[in-house]
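J.: Starting off with a structure, shown below.
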Amino acid sequence: MAVLVTGGAGYIGSHTVAELLAHGEEVVVLDNLQKGHRPAVRAPIFYEGDIRDQELLDRIFDKHAIEAVIHFAADSLVGESVTDPLAYYDNNVVTAQRLLSAMKRHGVPNIVFSSTAAVYGEPEQVPICETDATAPTSPYGETKLAIEKMLRWCEGAYGIRSICLRYFNAAGAHPDGQIGEDHTPESHLIPIVLQVALEQRDAVSIFGDDYPTVDGTCVRDYVHVMDLANAHWLALQRLRKTKQSGIYNLGNGLGFSVRDVIEQARAVTGHPIPAMVVPRRPGDPAVLIASSQRAGQELGWQPQYDSLETIIASAWNWHLHHPRGYAT
Ligand code: UDP
């Protein structure tokens, strides 16, 4: 029996593949390599292709006795989703519908879905609980929420069980230093700050310092990519053992401002990392902090790399040795 990982060449996907292999799982990766990186894939079985290609999906499901799917493949930038919402509905919602259709045809009972804190929009309270209202402020969050709902209906109709993992801010890299974050163009705070430390950029722009937070900059809950990867493995175990669907937040429950991140990166890298304040980025909530109590209780999830220093140091280890990402 094998696990199909869609988007297994991407950032969180590739770390999850490494985690699954470490637990002795048979892993099949499907990725169209639009954003993913072939060298990031450690699984021996790799298919380059699109989820919308039903023939390809049928071939994969027939050949490998797929028992569970972990679905990462998606577009994931808030700003881009606002300027091109239809691309997000196509790449996220349509692909999920195709994937679930194939799972239904082949009787695959389990799926772990890569969701996001963006489903909450501007939170009513922090830390955010899974039971809090969902009101996405971007097509990105909206498409992820639509898929979560699609999954719920699919359980009732076809018996496909799902665990949706709502990630907060993924960061860091594999401790072996061989896989890490590599986006083109890069838009995430921690890699951008580290690119400044590598002198690939002159300065980091702080998107607004007039938010209602301690220092006026946005506060986020940064969570290590290996801890996220481990949560997928735990989610898979839970689906197999309890056959229960669920939704889980994944964060450390601690908030750090943009200025905190820059300060910590200065300490880790020893570089002054110049910063300048620029206007707010549309769609950014002021504060996003997770309550991951439910993941702790039901999945047995306990983040191992939970300090901002550890997270930034592990990202720095990757960036320092791969200054041009996988092209290095
Ligand atoms: N941010 C920033 N400058 C940058 C990139 C990001 O000030 O060059 C801020 C952004 O506004 C947000 C936080 O850093 O408040 C984290 O942004 P990121 O894009 O890393 O993740 P997101 O919160 O969008 O998932």
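J.: Two decimals, Cα atoms only, Kirkwood Rh: what is Rg/Rh over segment 88-178?
T.: Ratio of gyration radius to Kirkwood radius for segment 88-178: 1.03.
J.: Quick check on my link table: of 149/243; 104/149; 63/243; 63/149; 104/243; 63/241, which ones sit more than 23 Å apart, alpha carbon to alpha carbon?
T.: In this structure, 63/243; 63/149; 63/241 lie more than 23 Å apart at Cα.
J.: Compute the angle between helix 258-269 and the longest alpha-carbon principal axis of the chain, please, reported from 0 to 90 degrees and rounded to the nearest 10.
T.: 80 degrees
J.: Report, by chain and number, residues whose modeled amide H sits under 5 Å from the one on residue 5, excluding near sequence neighbours (fewer than 5 apart, same chain).
T.: Distant-sequence amide H within range of residue 5: 28, 29, 30, 70.
J.: OK, next. Show log10 I(q)/I(0) for segment 1-117 at q = 0.17, 0.18, 0.19 Å⁻¹, two decimals, from a solvent-free Debye sum over equal Cα scatterers.
T.: For the requested q values the scattering log ratios are -0.79, -0.88, -0.98.
J.: Okay, next question. Counting Lys and Arg as +1 and Asp and Glu as -1, what is the net charge of the other residues whose Cβ lies under 10 Å from the Cβ of residue 32?
T.: -2
J.: While we're looking at this one, here's another question. So what's the angle, to the nearest 10 degrees on a 0 to 90 scale, between helix 54-64 and the longest Cα principal axis of the chain?
T.: 80 degrees
J.: Oh, and also: For segment 210-254, list residues with backbone N below 16 Å from a point placed 7 Å from the Cα of residue 188 toward its Cβ?
T.: Answer for segment 210-254: 220-232, 250-252.
J.: Further, regarding this structure: Taking the simple approach of a point 7 Å from Cα along Cα-to-Cβ for both residue 97 and residue 237, what is their distance in nm?
T.: Each label point lies 7 Å from its Cα, and together they span 3.7 nm.
J.: Stick to the Cα atoms of the chain, pair each with every other, and give me the Kirkwood hydrodynamic radius in Å at one decimal.
T.: Result for the chain stands at 19.9 Å.
J.: Report the FRET efficiency, 1/(1 + (r/R0)^6), for residue 55 and residue 158, where r is their Cβ-Cβ distance and R0 is 30 Å, rounded to 0.05.
T.: Once the sixth-power term is evaluated, E becomes 0.90.
J.: To the nearest 0.05, how large is the calculated FRET efficiency for residue 104 and residue 310 if R₀ is 41 Å and r is the Cβ-Cβ distance?
T.: 0.50
J.: Which of the aspartates and glutamates could be linked to residue 35 by a straight reach, that is with a Cα gap under 15 Å, when you skip same-chain ones fewer than 8 residues away?
T.: In chain and number order, the partners are 48, 50, 75, 80, 181, 182, 186.
J.: Rounding to the nearest 10 and keeping the result within 0 to 90°, find how far the Cα-based axis of helix 139-158 lies from the longest principal axis of the chain.
T.: Orientation of helix 139-158: about 20 degrees from the principal axis.
J.: Which whole-Hz ³J(HN,Hα) couplings does segment 84-100 yield from phi under the Karplus relation 6.51 cos²θ - 1.76 cosθ + 1.60, θ = phi - 60°, glycine and proline marked x?
T.: Residue by residue, segment 84-100 yields 9, x, 5, 4, 6, 5, 5, 6, 9, 6, 4, 5, 5, 5, 5, 4, 5 Hz.
J.: Once amide H atoms are placed 1.01 Å from N in the peptide plane, what residues at a sequence separation of 5 or more from residue 163, or on another chain, have their amide H within under 5 Å of its amide H?
T.: Distant-sequence amide H within range of residue 163: 111, 112, 113, 246.
J.: Quick query: amide H of residue 275 versus all other amide H atoms, modeled in the peptide plane; which residues come in under 5 Å with a sequence gap of 5 or more or a different chain?
T.: 204
J.: Right, next: Expected output is a single nm value to one decimal: the length gained when fully extending between residue 84 and residue 178, i.e. 0.36 nm times separation in residues minus the C-alpha distance. What is it?
T.: Computed gain between residue 84 and residue 178 is 30.5 nm.
Just so you know, all these numbers are worked out from the coordinates, no wet-lab data involved. It should be emphasised that the depicted structure is a prediction, and the values quoted were computed from it without experimental measurement. All Cβ positions, even for glycine, are placed from backbone atoms using ideal geometry, and neighbour counts span all protein chains on display.
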